[in-house]
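Student: Attaching a single structure in structure tokens format; questions to follow.
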Amino acid sequence: MTPTWVQLAYLVAALCFVLALKGLSTPRYARAGNLLGAAGMALAVVTAYAHGAVHNGPLILVAVAAGVAVGIPAARSVKMTAIPQMVALFNGVGGAAAALVALTEYLAVTDASVLFEVATALTVLIGSVSFSGSVVTFLKLQEVMTTRPVLLPAGRFLAVGAAAASALLALGVVLTGSSALLVLLALAGLALGVLFVLPVGGADVPIAISLLNAFTGLAVAASGYVLANTLLIVSGTLVGASGTILTRLMAQAMGRSLANILFGAFKTTDAAAAGGEQRTVRSGTVEDVAILLGYAHSVLVVPGYGLAVAQAQHAARELAHLLEQRGIDVKYGIHPVAGRMPGHMNVLLAEADVPYEQLKELDDVNPGIGSVDVVLVVGANDVVNPGARDEPSSPIYGMPIFDVDRAKSVVFMKRSMRPGFAGVDNSLLYNPKTTLLFGDAKDSLTKLLTAVKQV
Amino acid sequence: MIDLLTIFVLAVFVGFEVVSKVSTILHTPLMSGANAIHGVILVGAVLITGHAQYPLEVVLGLVAVFLATVNVVGGFVVTDRMLEMFKGHGK
């Protein structure tokens with residue numbers, strides 16, 4: 001029986017986690033909430049160690065120290081642009097840990113109840129799916145592999161097959177109590193995770209991470225049944241439930257249904273054939289653009305991941321400042337999914353100290369966009385793609401966008417004609433109102449700054 | 001068993017409730033923070049390793065402790081770094 005003091009400590013820890021999640025959903029208390037969560041975690045782990053580390057105490061401490069030695073430098077050194085893939089990795093190792101915990105306990109227990117068998121099978125399955133799925137999302141976001149949907153021949157058949165095999169193996173584990181079947185179940189789960197995430201394309205990958213995050217929460221909750229530990233049940237369920245909500249909110253921010261994101265790529269296989277014809281684009285020089293900007297009354301900057309990668313925030317700010325000094329009205333349009341993850345651009349611009357008051361959201365910008373003289377699209381692509389509004393066949397159809405094609409003119413700063421993260425061609429590039437300025441965003445903005453001074 | 005199920009059902013509602021009105025600005029930190037919290041599997045990893053008898057169990061348990069620690073520590077530190085940048089930008 002677990003002593004009362006241990007149960008009380010777990011209760012306090014669970015309370016800290018609830019308050020942490022609550023805090024993280026309001027800007028004002030977010031940081032305090034996160035710290036409270038960390039304090040709750042410390043309490044829980046120290047309690048578990050004091051009460052449960054009957055054997056192997058020193059070894060456990062060594063393993064914790066190794067985890068800290070890897071985790072802290074990784075978290076400290078990661079660039080803000082690479083946050084989504086880092087979160088994916090942390091989620092993956094969490095899923096793997098849950099699967100290992102259930103597997104190990106299974107090996108140790110001799111007289112297993114049905115509930116125990118079911119919980120073990122679930123933990124191992126969901127944990128494995130979460131681990132391998134997260135690794136694939138990491139590889140996609142890190143651009144180690146293509147960010148586009150990967151459609152294997154008979155991919156759908158394979159995925160359904162892996163799911164069916166997992167279900168059968170899980171049933172087998174419950175009926176026979178065989179450890180060998182449990183290991184096979186873990187392997188089937190790993191395959192299922194890969195097959196599940198491969199067809200998810202570019203901009204949808206963060207949604208998949210969020211969903212896998214919720215999965216890991218459920219795996220942890222299920223492991224709570226394996227160990228009859230209430231703290232694991234409560235915390236895992238909290239993350240599972242809040243992660244599910246968060247996933248839905250993210251999908252809404254992209255104007256998509258979750259089912260469409262996860263299974264949409266299975267359907268749209270022959271859409272690429274249509275846009276093959278040569279269309280002309282108009283590219284301009286820095287001087288052309290400087291003149292355009294110098295004589296404008298209002299300018300809207302739409303920053304994207306390209307701006308953040310080029311570390312061009314400061315150059316953008318200086319240019320905006322110079323334009324303002326000349327009496328030009330300058331605003332930034334921040335799309336909720338700009339960057340690699342919903343809300344990511346806010347993190348990136350906060351890092352660069354861009355004044356918060358100048359950041360405008362979709363609803364603030366779009367109604368008056370027709371009177372904006374120049375829209376400066378810096379390294380953003382998908383969030384200004386009119387296809388999301390006009391072409392039902394487009395993979396990003398339905399996602400709310402900045403209607404920059406309705407502004408008087410558009411300057412599109414890009415490194416090349418390569419399509420954006422979602423891998424979708426952008427008709428805005430071929431719009432007669434659009435001037436393309438090729439080059440690195442920081443380089444172009446710096447040149448533009450000099451050129452505007454001479455106008 | 002019914003006790004555990006009751007806890008589960010109540011936790012589902014609390015989970016839905018606490019993040020139901022989050023703004024898009026905080027989606028990334030919230031996801032990362034929730035990620036850190038499911039690292040509580042570290043508690044489970046410590047417990048099973050503490051009771052492990054055979055070398056295989058000890059090794060698997062220690063790997064789980066290591067992975068869960070990376071999840072916990074990394075998750076909280078990354079989230080804190082993100083939120084620190086919002087400092088002075090809060091509404």
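Student: Are there any helices (runs of 4 or more DSSP H) wholly within the range B:2-54 with 1 or more residues that are aromatic (F, W, Y), and if so which?
Tutor: By residue number, B:2-18.
Student: Quick one: which residue in B:L42, B:L5 is within 19 Å of A:G67 (Cβ to Cβ) and of a type outside the set (S, T, Y)?
Tutor: Result: B:L42 is the single residue among B:L42, B:L5 that is within 19 Å of A:G67 (Cβ to Cβ) and of a type outside the set (S, T, Y).
Student: Here are A:L89, A:L100: which of them is farther than 28 Å from B:V18 by Cβ, in the same structural domain as A:L125 (by the TED database) and touching a helix residue (DSSP H, G or I) at 6+ places or on another chain (Cβ under 6 Å)?
Tutor: None of the others qualify; the one that does is A:L100.
Student: Yes or no: A:Y10 at pLDDT 95 or above and either over 20 Å from A:L246 (Cβ atoms) or not assigned by the TED database to the domain that holds A:Q311 (or both)?
Tutor: yes
Student: Give the residue that is farthest from the other protein chains (Cβ to nearest Cβ), with candidates limited to residues of the range A:216-246 that are in a helix (DSSP H, G or I) and polar (S, T, N, Q).
Tutor: The residue in question is A:T244.
Student: Right, here's the next one. Quick one: count up the residues across the range A:49-105 that are of a type outside the set (V, I, T), more than 7 Å from chain B (Cβ to nearest Cβ) and either part of a helix (DSSP H, G or I) or surrounded by 15 or more Cβ atoms within 10 Å (Cβ to Cβ) (or both).
Tutor: Total satisfying the criteria: 19.
Student: Checking the condition more than 7 Å from chain A (Cβ to nearest Cβ) and closer than 21 Å to A:L212 by Cα, which residue from B:V9, B:V65, B:V14 passes?
Tutor: Every option except B:V9 fails the conditions.
Student: Next up: If A:N213 satisfies every condition in (1) facing another protein chain (nearest Cβ under 8 Å); (2) under 20 Å from A:T147 (Cα atoms); (3) more than 15 Å from the chain's Cα centre (by Cα) but one, which is the exception?
Tutor: (3)
Student: Moving on. For A:L376, all conditions in the list (1) surrounded by fewer than 21 Cβ atoms within 10 Å (Cβ to Cβ); (2) under 20 Å from A:A441 (Cα atoms); (3) touching a helix residue (DSSP H, G or I) at 6+ places or on another chain (Cβ under 9 Å) hold save one; what is the number of the exception?
Tutor: With (1) surrounded by fewer than 21 Cβ atoms within 10 Å (Cβ to Cβ); (2) under 20 Å from A:A441 (Cα atoms); (3) touching a helix residue (DSSP H, G or I) at 6+ places or on another chain (Cβ under 9 Å) applied to A:L376, the lone miss is (1).
Student: Does the range A:14-42 hold any residues that are crowded, with 20+ Cβ neighbours inside 10 Å, among the small types (G, A, S) and either on the phi > 0 side of the Ramachandran plot or more than 8 Å from chain B (Cβ to nearest Cβ) (or both), and which are they?
Tutor: Listed by number, the residues that qualify are A:A14, A:G23, A:G40.
Student: For the range A:316-339, indicate whether the set of residues that are under 26 Å from the mean Cα position of the chain (by Cα) and among the polar types (S, T, N, Q) is non-empty.
Tutor: Scanning the range A:316-339 turns up no residue that is under 26 Å from the mean Cα position of the chain (by Cα) and among the polar types (S, T, N, Q).
Student: In this structure, does A:V302 turn out to be at pLDDT below 90 and not charged (D, E, K, R)?
Tutor: So A:V302 fails the test.
Residues are listed down the side, and each one gets a yes or a no for (1) buried (at least 24 other Cβ atoms within 10 Å of the Cβ); (2) touching a residue at least 40 places away in the same chain (Cβ under 8 Å):
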site	(1), (2)
B:L26	yes, no
B:L30	yes, no
B:A36	yes, yes
B:P55	no, no
B:L62	no, no
B:A68	yes, no
B:V72	yes, no
B:V78	yes, yes
B:E84	no, no
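Student: Of the residues B:A45, B:A11, which single one is farther than 29 Å from A:Q252 by Cα and small (G, A, S)?
Tutor: When all the criteria are applied, what remains is B:A45.
Student: Okay, moving on. Condition first: closer than 19 Å to B:V70 by Cα and in contact (Cβ under 8 Å) with a residue 40 or more places away in the chain. Now tell me which residues in the range A:94-112 satisfy that.
Tutor: Residues satisfying the conditions are A:G94, A:G95, A:A98, A:A99, A:V101, A:A102.
The values are calculated or read from the model by the stated rules, or taken from the named source; none is laboratory data. No experiment lies behind these values; they were computed from the predicted model shown. For neighbour counting, all protein chains shown are included, and Cβ atoms are generated from backbone atoms with ideal geometry for every residue, glycine included.
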